[in-house]
Protein chains: 2
Amino acid sequence: MKVDILIVNGFVVTMEGKGVGMIEDGAVAIKGNIIEAVGRTEELSRDYKAERIIDAKNKLVMPGLIDAHIHTGISIIRGVAQDMTNWMQKGIWPFMKHMTREDSVKGSMVNIMEGIRAGTTTFCDYDGYMTDIVHNYIKIGARARVAEMVNELPPEISDLEVGELYTFNPSIGQEKLARNLDLMDNYHGLEDGRITCILGPQGPDMMSLELLHEMKSLAEIYDSKLHMHVAQGDREIDQMVKRYGKRSVAFLEENGFLNERLIAVHLTEATDEETEIVAKSGANMIYCAGSIGIIDGLVPPMLTFLESGGTACLGSDQAPGNNCNNMMNEMKFAAILNKVKRANPAVFHATLALRSATIEAARVMGIDHEVGSLRAGKKADIILLNLQDPTFFPVLTSPIRNIIPNLVYSARGHEVETSIIDGKIVMEDRKITTIDENKAIEEAQQAAEGLAERAKDDILHAESDILTMMREGML
Amino acid sequence: MKVDILIVNGFVVTMEGKGVGMIEDGAVAIKGNIIEAVGRTEELSRDYKAERIIDAKNKLVMPGLIDAHIHTGISIIRGVAQDMTNWMQKGIWPFMKHMTREDSVKGSMVNIMEGIRAGTTTFCDYDGYMTDIVHNYIKIGARARVAEMVNELPPEISDLEVGELYTFNPSIGQEKLARNLDLMDNYHGLEDGRITCILGPQGPDMMSLELLHEMKSLAEIYDSKLHMHVAQGDREIDQMVKRYGKRSVAFLEENGFLNERLIAVHLTEATDEETEIVAKSGANMIYCAGSIGIIDGLVPPMLTFLESGGTACLGSDQAPGNNCNNMMNEMKFAAILNKVKRANPAVFHATLALRSATIEAARVMGIDHEVGSLRAGKKADIILLNLQDPTFFPVLTSPIRNIIPNLVYSARGHEVETSIIDGKIVMEDRKITTIDENKAIEEAQQAAEGLAERAKDDILHAESDILTMMREGML
């Protein structure tokens, strides 16, 4: 049979079954945007003729990584809000107040490049002005499952004292909801299904119960999941208790939000009991290890969530938090932070980390029929990594196969040489083929400088810890 | 004045003063292996003429990173001992029993390449057969401060049950000590001082008190520090209590080891009180964040050590633990694990992380008169990083300069383009100029396969957690 691309001679990790599904002398046949076959090189070489043959000797061939939670629109302020308390209010908002749609889109493109260069092929992007940002994905050729981040917060929110109750502005909520519906109506399914859209309420503390209910009804109508921050920080819990007299999980439970439609992001402040309630409801969880570690110094309850029977996965969150968007970073941090949390090195292993960035992420996002593993009939999202990089040395297969531990604990991202998304080669020899990378960085850098200049007075006024470090000559 | 290399137009981070010593339009002049001048581009361009001018526009120019604790000789078994309990006894020893000097040296070379490619210029290597391994440093051109790892453990140690008291073999101790003295006598100061040697007792649990005393006396004679694991795990404490009826720190204090000559590595199991005793004694500490996080699920007391007035720094430890040897990884993990330990995001900042991998590491190792910062008169160990990589985006200078947070929290290592060590360009455009990298990897890979084959029976006999995972098809 004739196919478009035949990858041969690789270590193929399918992520099928309960482990990683390793085929040591593996091959993958791709026809159009679909995986035609996965198997041993001997078999596929015999059964398929291809336009293009990729020799994957000494390469790892695996499903592209899925970043289940990323805000690419604020990567333009990476590195300005580290090592500080009141991260959101003193670090992020003074910048965001001055950020234009153009700033956001330009920064987003560099962020997507960063992800692709580290093996991410599916971006579950969750941000403001997603109707603009989504065009980056269309252009660069990455798979995206996007949501407009809907809230009712007015811009003046950045002037509130820490601890003051947020004011809501319903017309702002309706405007953002309209953009989310614009996505659902006009972008969902674009590019032969490479672009899909879901609903994205920002959090129970950032909008009225009325708007939350409205989005829940819309989720039924559109058959969409709700991608939402839940118990993401003590700031949120404080707002919820002040406004409703109850914590986030109890509030969501009472109002009928805990079910299969909910993707609960972070759960940083969820108690073990609350975590179990969410897991048992059928809702899923996204854990952002690097981000919550660096912003809050905390390790959310992913293991407890899994132990309660829930499905969970990983996301890289926003660049000005984590502050990189690299799923290799997330896999290693998720494993080590959980080992440390339980003071037990065996508690979160490399295979769990890798599953959480591939097939489990696909499950959480509701796209496991299309991506997350290599299987005939699924979309062809495949990355090839150089096993001859020193970080993968040595490659052993017996009596212990060490490729997965070295992928999770040693690889850094630069080992990804080729990225095939939806059957198309989007990166080859570490060059992204679909856009001009230098131009994208130059444009975004200019936008970032303009933004920092416009935001100057607000930044100086915020008196953040990082500003103090700057003044003391520490940066 | 005429110099050999003049680096201009860079963001120069000198690591002088209490912060990072940033010069925004900075330049460095190098003559031979010495830094002739550091300053603004305008000044140095006027004052110096150079054989070779390096335009560092959009580059970060900084001191090479110092890896204060690395065992390159066991990198040949990277990835075979992850996610398990009894890491040393069930994971490492079954392999080490069969490892030859040649295996060790070949693996070491790939490990050194990995470090150089991620910005390390000084390796404080601590391993067996260092008289062989040291030739790798001579050949590749890296700076090294090496110690033979001296113990009295016979090979049969790998057959002991977990918890049994180690047997000591004094003739093995004397053989290893002889190698350490061979280093001190015949290698210290080689290559114009690029290679230096210190004494390396492996730990208070791994040798007799007599041999420890002998090495202490030799440290006086040679005016050397003692690079030693202290309180590195519950395994060590268990041995000490069984053998001497006391814990490591009390034992070392009573026997006169706690002073400026001691470099105490890990202190994983040291209580706050013990940590304070070591810090106040003038001894220094090395913290291996990734390694201890992954092997033990623990966060050693570096912050307590610093708060007690001690000097501490970072090391990457061994590849089959951490399991990468990349100081970017160490900086990020050190910061985040300590934030998590204290549940406070402000407690370990990017500048502290960077200092701990440069100037503070030089202090701990007793080489701060030569390296660790960029200052006229110091050795020319300098790395250049590409600030136009997406991981560094955006580069802002006002009102908050974000280069250091992005270096510590976002950069991965591949941003290092050029490495100058002792005035010579050892890596340029990410190609190591001094050795054949592909050949080194091929030779080491062959050696690793042979080792795994020879060690097979012992590995199968050890019944480790990772072997169980392998059998269950999880790897």
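When you go through (1) crowded, with 23+ Cβ neighbours inside 10 Å; (2) in contact with a strand residue (DSSP E or B) (Cβ under 9 Å, 6 or more places away or on another chain); (3) among the aliphatic types (A, V, I, L, M) one by one for B:MET109, which number turns out not to apply?
Status for B:MET109: all satisfied but (2).
So, A:ALA376, is that one of a type in the set (A, V, I, L, M), in contact with a strand residue (DSSP E or B) (Cβ under 6 Å, 6 or more places away or on another chain) and surrounded by fewer than 24 Cβ atoms within 10 Å (Cβ to Cβ) or not?
Judged against the criteria, A:ALA376 is a match.
Which condition number does B:ALA81 fail, the rest of (1) part of a helix (DSSP H, G or I); (2) not assigned by TED's automatic domain parsing to the domain that holds B:ALA29 being met?
The one condition B:ALA81 does not meet is (1).
Taking B:VAL146 as the residue in question, decide whether it is within 26 Å of B:LYS431 (Cβ to Cβ), in contact with a Cys (Cβ under 6 Å, 6 or more places away or on another chain) and either in contact (Cβ under 8 Å) with a residue 40 or more places away in the chain or not assigned by TED's automatic domain parsing to the domain that holds B:GLY293 (or both).
Numbers: within 26 Å of B:LYS431 (Cβ to Cβ): yes; in contact with a Cys (Cβ under 6 Å, 6 or more places away or on another chain): yes; either in contact (Cβ under 8 Å) with a residue 40 or more places away in the chain or not assigned by TED's automatic domain parsing to the domain that holds B:GLY293 (or both): yes.
For B:VAL146, the condition - within 26 Å of B:LYS431 (Cβ to Cβ), in contact with a Cys (Cβ under 6 Å, 6 or more places away or on another chain) and either in contact (Cβ under 8 Å) with a residue 40 or more places away in the chain or not assigned by TED's automatic domain parsing to the domain that holds B:GLY293 (or both) - is met.
Could you please give the count of residues in region B:106-136 that are assigned to a helix (DSSP H, G or I), under 23 Å from B:ALA380 (Cα atoms) and either within 14 Å of another protein chain (Cβ to nearest Cβ) or under 14 Å from the mean Cα position of the chain (by Cα) (or both)?
Narrowing region B:106-136 to residues assigned to a helix (DSSP H, G or I): B:106-117, B:130-136.
This time we only want the ones that are under 23 Å from B:ALA380 (Cα atoms), so: B:109, B:111-117, B:134-136.
From the residues that got through so far, the ones that are either within 14 Å of another protein chain (Cβ to nearest Cβ) or under 14 Å from the mean Cα position of the chain (by Cα) (or both) too are B:109, B:111-117, B:136.
Looking only at that region, the number is 9.
What pairs come out if I take residues in region B:447-475 that are within 9 Å of chain A (Cβ to nearest Cβ) and pair them with residues that are assigned to a loop (DSSP other than H, G, I, E, B) and among the polar types (S, T, N, Q) whose C-beta lies under 7 Å away, six or more apart or interchain?
From region B:447-475, the pairs are B:ALA452/A:SER398; B:ASP465/B:THR85; B:ILE466/B:GLN82.
Tell me which residues, restricted to region B:1-49, are surrounded by fewer than 19 Cβ atoms within 10 Å (Cβ to Cβ), under 19 Å from B:ASN406 (Cα atoms) and touching a residue at least 60 places away in the same chain (Cβ under 8 Å).
If the condition is that a residue be surrounded by fewer than 19 Cβ atoms within 10 Å (Cβ to Cβ), under 19 Å from B:ASN406 (Cα atoms) and touching a residue at least 60 places away in the same chain (Cβ under 8 Å), then B:GLU24 is the only one that fits.
So, A:SER398, is that one among the polar types (S, T, N, Q), closer than 28 Å to B:GLU453 by Cα and at pLDDT below 95 or not? If you could, list the steps in order and put the result at the bottom.
Values: among the polar types (S, T, N, Q): yes; closer than 28 Å to B:GLU453 by Cα: yes; at pLDDT below 95: yes.
Taking the combined requirement at face value, the residue satisfies it.
Please go through region A:203-242 and pick out each residue that is part of a loop (DSSP other than H, G, I, E, B) and at pLDDT 95 or above.
Here is the first cut: in region A:203-242, the residues part of a loop (DSSP other than H, G, I, E, B) are A:203-208, A:223-225, A:231-233.
If the condition is that a residue be part of a loop (DSSP other than H, G, I, E, B) and at pLDDT 95 or above, then A:GLY203, A:PRO204, A:ASP205, A:MET206, A:MET207, A:SER208, A:ASP223, A:SER224, A:LYS225, A:ALA231, A:GLN232 are the ones that fit.
Out of region A:379-412, which residues are within 11 Å of another protein chain (Cβ to nearest Cβ) and touching a strand residue (DSSP E or B) at 6+ places or on another chain (Cβ under 9 Å)? Write out each step before concluding.
Going residue by residue through region A:379-412, those that are within 11 Å of another protein chain (Cβ to nearest Cβ) are A:386-412.
Result: A:ASN386, A:LEU387, A:GLN388, A:PHE392, A:VAL395, A:THR397, A:ARG401, A:ILE403, A:ILE404, A:LEU407, A:ALA411.
Listed here are the residues, each with its yes/no results for (1) modelled with pLDDT of 95 or more; (2) more than 12 Å from every other protein chain (Cβ to nearest Cβ); (3) touching a Cys at 6+ places or on another chain (Cβ under 9 Å).
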| residue | (1), (2), (3) |
| --- | --- |
| A:GLY293 | no, no, no |
| A:PRO300 | yes, no, yes |
| A:GLY309 | yes, yes, no |
| A:LEU314 | yes, yes, yes |
| A:PRO320 | no, no, no |
| A:ASN325 | yes, no, no |
| A:ASN338 | yes, no, no |
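Against the definition (of a type outside the set (D, E, K, R) and facing chain A (nearest Cβ under 8 Å)), how does B:ILE441 come out, yes or no?
Details: of a type outside the set (D, E, K, R): yes; facing chain A (nearest Cβ under 8 Å): yes.
Taking the combined requirement at face value, the residue satisfies it.
Within region B:181-225, take every residue that is among the charged types (D, E, K, R) and touching a Lys or Arg at 6+ places or on another chain (Cβ under 6 Å) and give me the one that is surrounded by the most Cβ atoms within 10 Å (Cβ to Cβ). Steps first, answer last, please.
So in region B:181-225, the residues among the charged types (D, E, K, R) come out as B:182, B:185, B:191-192, B:194, B:205, B:210, B:214, B:216, B:220, B:223, B:225.
Filter again for touching a Lys or Arg at 6+ places or on another chain (Cβ under 6 Å), leaving B:194, B:225.
Details: B:ARG194: 23, B:LYS225: 21.
Across region B:181-225, the extreme among qualifying residues is B:ARG194.
Kindly indicate whether A:HIS98 is over 21 Å from A:VAL13 (Cα atoms), away from chain B (no Cβ under 14 Å) and not basic (Lys, Arg).
Working: over 21 Å from A:VAL13 (Cα atoms): yes; away from chain B (no Cβ under 14 Å): no; not basic (Lys, Arg): yes.
No: the conditions fail for A:HIS98.
Take region A:409-429 and flag every residue that is of a type in the set (A, V, I, L, M) and either closer than 30 Å to A:GLY193 by Cα or without any contact (Cβ under 8 Å) to a residue 12 or more places away in the chain (or both). If you could, list the steps in order and put the result at the bottom.
To start, the set of residues in region A:409-429 that are of a type in the set (A, V, I, L, M) comprises A:411, A:416, A:420-421, A:425-427.
Within region A:409-429, A:VAL416, A:ILE420, A:ILE421, A:ILE425, A:VAL426, A:MET427 qualify.
The values are calculated or read from the model by the stated rules, or taken from the named source; none is laboratory data. What you see is a predicted model; the values in this text were computed from it and never measured. All Cβ positions, even for glycine, are placed from backbone atoms using ideal geometry, and neighbour counts span all protein chains on display.
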